[in-house]
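For reference, the structure is listed below as structure tokens.
No lab work stands behind these numbers, since they all come straight from the coordinates. None of these values were measured; they are calculated from a predicted model. Reconstructed Cβ throughout: ideal geometry from the backbone, glycine too, with neighbour counts over all protein chains shown.
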Amino acid sequence: MRHLLGIEQLNREELANYLNNAKSFVEVGTRDLKKVPALRGKTVINMFMEPSTRTRASFEIAGKRLSADVINIGGSDSSTSKGETLLDTARTLQAMTPDVLVVRHKQSGAAHFLARHLKRTSVINAGDGMHEHPTQALLDCVTLQQHFRDRNDGISKLRIAIVGDVRHSRVARSNVYAHALLGNEVHLVGPPTLVPPELSSIKCFGAKQFANKVKVFSDFAKGIEGADVVMALRMQLERQEDHFVPSLQEYTDAYCITEKRLSTYAPNAVVLHPGPMNRGLEISSEVADGKRSLIENQVNNGVAVRMAVLFALVTSHNYSSLETGHTKES
Ligand code: NCD
């Protein structure tokens, strides 16, 4: 079976294929009738064992726009709340012969675990604990490709500053893998408790291509200086088992992404945030709703990215090469 468990497992070409296919699906979302018959007769089960607004809605809309049958199972309304193991729940669902199982779970490694045990269903990781969130990194890249479409190097040779609670962030981890593959410089910025210096070590991300690409900064100004992209991360209080910052006010004073700071240190930067946002804590409303913000574009592109991933795993085809009534761009 084919799965999408993380960006770590992808090579440059596979990453580029997902991004290219997603571009074809962006156009479908602009049509009056936003539906293609590509996955008619296929079944997608969304199994979200952690809260989610955008990822879950986006996978559901993506499946429906591809004409698949989509079923949603949540944590509290599934039998795991009666003591059934995750694997038994997943095997039960597999017995109903779905084509894809989309999994979000608080345990890092949950999607890999299911992929190892389910032999007849493709697994998509929609966020596993503090580990990876591959479709988020893909939609971030598609959003940047749109923004930097006139740039000679496209989305390589960029400086990307990822700011905030990196330690607990699966979004950051998937983005680091993606940007290392794309040939970008990644700055991880935040207090040492949330951005441990070891993150810049080659051992941490376990691959040659990270040498010299990932740098860690506790000084906000130095970390975002000259950045082309500033990615804000949510302060993930629900994952913090310890006191990682002296107080939220102190964190905000030192690391909140504000217009004043951006115009001083990274005047040309665009801003991403995976959502949900804590306005006034990690990002100011002025930035979130301002001209630099690509946050709504991220959400919009999320649907196209998930369509591309569902389509690729179920059919092994390149969408843009199919005759589906889709008008190709020249
Ligand atoms: C993220 C997540 O759940 O990992 N949100 C998302 O999927 N868009 C980030 C977060 O929770 O902070």
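Of the residues that sit in the range 39-60 and are polar (S, T, N, Q) and within 17 Å of the chain's Cα centre (by Cα), which one is farthest from the ligand (Cβ to nearest atom)?
46
Quick grid of which residues meet (1) assigned to a helix (DSSP H, G or I); (2) within 16 Å of the ligand (Cβ to nearest atom); (3) closer than 21 Å to residue 222 by Cα:
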position	(1), (2), (3)
153	no, no, no
161	no, no, yes
175	yes, yes, yes
180	yes, no, yes
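Any idea how many residues of the range 124-151 are within 12 Å of the ligand (Cβ to nearest atom) and hydroxyl-bearing (Ser, Thr, Tyr)?
Going through the range 124-151 one residue at a time, the tally reaches 1.
Got a sec? Which of 31, 54, 65 is of a type in the set (Lys, Arg) and surrounded by 20 or more Cβ atoms within 10 Å (Cβ to Cβ)?
Exactly one of 31, 54, 65 is of a type in the set (Lys, Arg) and surrounded by 20 or more Cβ atoms within 10 Å (Cβ to Cβ), namely 65.
Table: residues versus (1) among the acidic types (Asp, Glu); (2) touching a helix residue (DSSP H, G or I) at 6+ places or on another chain (Cβ under 9 Å); (3) within 16 Å of the ligand (Cβ to nearest atom).
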site: 216; (1), (2), (3): no, yes, no
site: 221; (1), (2), (3): no, yes, no
site: 224; (1), (2), (3): no, yes, no
site: 234; (1), (2), (3): no, yes, yes
site: 246; (1), (2), (3): no, no, no
site: 254; (1), (2), (3): no, yes, no
site: 259; (1), (2), (3): yes, yes, no
site: 262; (1), (2), (3): no, yes, no
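With the requirement that a residue be closer than 24 Å to residue 176 by Cβ and surrounded by fewer than 15 Cβ atoms within 10 Å (Cβ to Cβ), what does the range 1-16 give you?
2, 9, 11, 12, 13, 14, 16
Among the residues of the range 98-142, how many are of a type in the set (A, V, I, L, M, F, W, C) and surrounded by fewer than 21 Cβ atoms within 10 Å (Cβ to Cβ)?
Counting residues in the range 98-142 that are of a type in the set (A, V, I, L, M, F, W, C) and surrounded by fewer than 21 Cβ atoms within 10 Å (Cβ to Cβ) gives 3.
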